[in-house]
Amino acid sequence: MPPRTPARTARPGPNRSDTSGLTSLGSGPRAQASRSLETFPNPNRNRDYVIRMEMPEFTCLCPKTGQPDFATLHLAYIPDRLCVELKSLKLYIWSFRNEGHFHEAVTNAIADDLVRAIRPRFLRLTADFYVRGGIYTTVEAEHRAKGWQPEPRVDLGVEPNSAG
């Protein structure tokens with residue numbers, strides 16, 4: 001009689017929701033929305049430079065109907081002493097998801113909170129809201145630090161990557 005092959009124990013398939021083995025972003029408890037904006041020191045205070053961010057997943061609720069409003073936020077700022085940390089900004093933006101706000105009010109509130117947190121030399125926040133009732137709304141809020149003046153822009157002609 002041939003030797004008997006031991007029975008194989010079936011291994012369960014991977015648990016798709018088990019994150020215990022992850023060591024990068026995403027492990028541990030799920031991130032929670034927060035109104036806290038974290039900052040870090042500007043790595044080059046001697047130069048005016050622009051930091052640009054695009055946040056295409058902003059949502060809040062219409063304060064009249066409760067329907068969701070969707071927008072892409074475009075942030076451009078020239079830091080002074082501090083820069084905003086990206087994950088805290090993402091969690092901050094998420095915090096508006098279930099709140100009712102008029103477009104104009106929420107854009108200015110976000111700009112004000114950013115100015116309070118990082119006190120930039122210059123900040124511009126543009127909110128491009130998607131169509132609602134056949135109307136697209138764009139709200140732009142700006143801040144300039146007292147006494148700050150931008151350096152004149154240097155025009156070097158055609159940029160290397162531009163079509164010509």
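Quick notes
- Neighbours by Cβ (under 6 Å, 6+ apart or cross-chain): first from the range 125-154, farther than 22 Å from H103 by Cα and touching a residue at least 24 places away in the same chain (Cβ under 8 Å); second assigned to a loop (DSSP other than H, G, I, E, B) and open to solvent by less than 50 Å² (accessible area, probe 1.4 Å): A145/R121; W148/R121
- Test for R124: is it modelled with pLDDT under 95 and either part of a strand (DSSP E or B) or under 23 Å from P79 (Cα atoms) (or both): no
- Any hit, the range 99-109, residues being part of a loop (DSSP other than H, G, I, E, B) and either closer than 13 Å to A71 by Cβ or touching a His at 6+ places or on another chain (Cβ under 9 Å) (or both): yes
- Screening the candidates Y77, Y92 for the property of being modelled with pLDDT of 95 or more, closer than 24 Å to R30 by Cα, of a type outside the set (A, V, I, L, M) and under 17 Å from the mean Cα position of the chain (by Cα) yields one hit, Y92.
- Residue in the range 138-154 that is among the charged types (D, E, K, R) and open to solvent by less than 80 Å² (accessible area, probe 1.4 Å) present: no
- Restricting attention to the range 91-114, the residues being closer than 23 Å to P41 by Cβ and either open to solvent by 20 Å² or more (accessible area, probe 1.4 Å) or in contact (Cβ under 8 Å) with a residue 40 or more places away in the chain (or both) number 5.
- Applying a threshold of 6 Å to beta carbon distances and a minimum spacing of six or more residues, or different chains, the list of pairs starting in the range 43-70 at a residue that is under 21 Å from E142 (Cα atoms) and without any contact (Cβ under 8 Å) to a residue 40 or more places away in the chain and ending at one that is hydroxyl-bearing (S, T, Y) and assigned to a strand (DSSP E or B) reads I51/Y77; P56/T72.
- All positions within the range 34-48 that are open to solvent by less than 70 Å² (accessible area, probe 1.4 Å) and closer than 28 Å to A105 by Cα: S34, S36, L37, T39
- Residues that are assigned to a strand (DSSP E or B), more than 17 Å from T107 (Cβ to Cβ) and open to solvent by less than 10 Å² (accessible area, probe 1.4 Å) within the range 63-90 comprise just one, C83.
- For R132: the one exception among (1) open to solvent by less than 20 Å² (accessible area, probe 1.4 Å); (2) touching a Cys at 6+ places or on another chain (Cβ under 9 Å): (1)
- Screening the candidates V84, V50 for the property of being within 13 Å of the chain's Cα centre (by Cα), over 30 Å from R132 (Cα atoms) and modelled with pLDDT of 60 or more yields one hit, V84.
The values are calculated or read from the model by the stated rules, or taken from the named source; none is laboratory data. Small disclaimer: the values here were computed from a predicted structure and weren't measured. All Cβ positions, even for glycine, are placed from backbone atoms using ideal geometry, and neighbour counts span all protein chains on display. The area values use the complete protein model at the heavy-atom level, side chains included, leaving out ligands, DNA and RNA. Shrake-Rupley method; radii C 1.70, N 1.55, O 1.52, S 1.80 Å.
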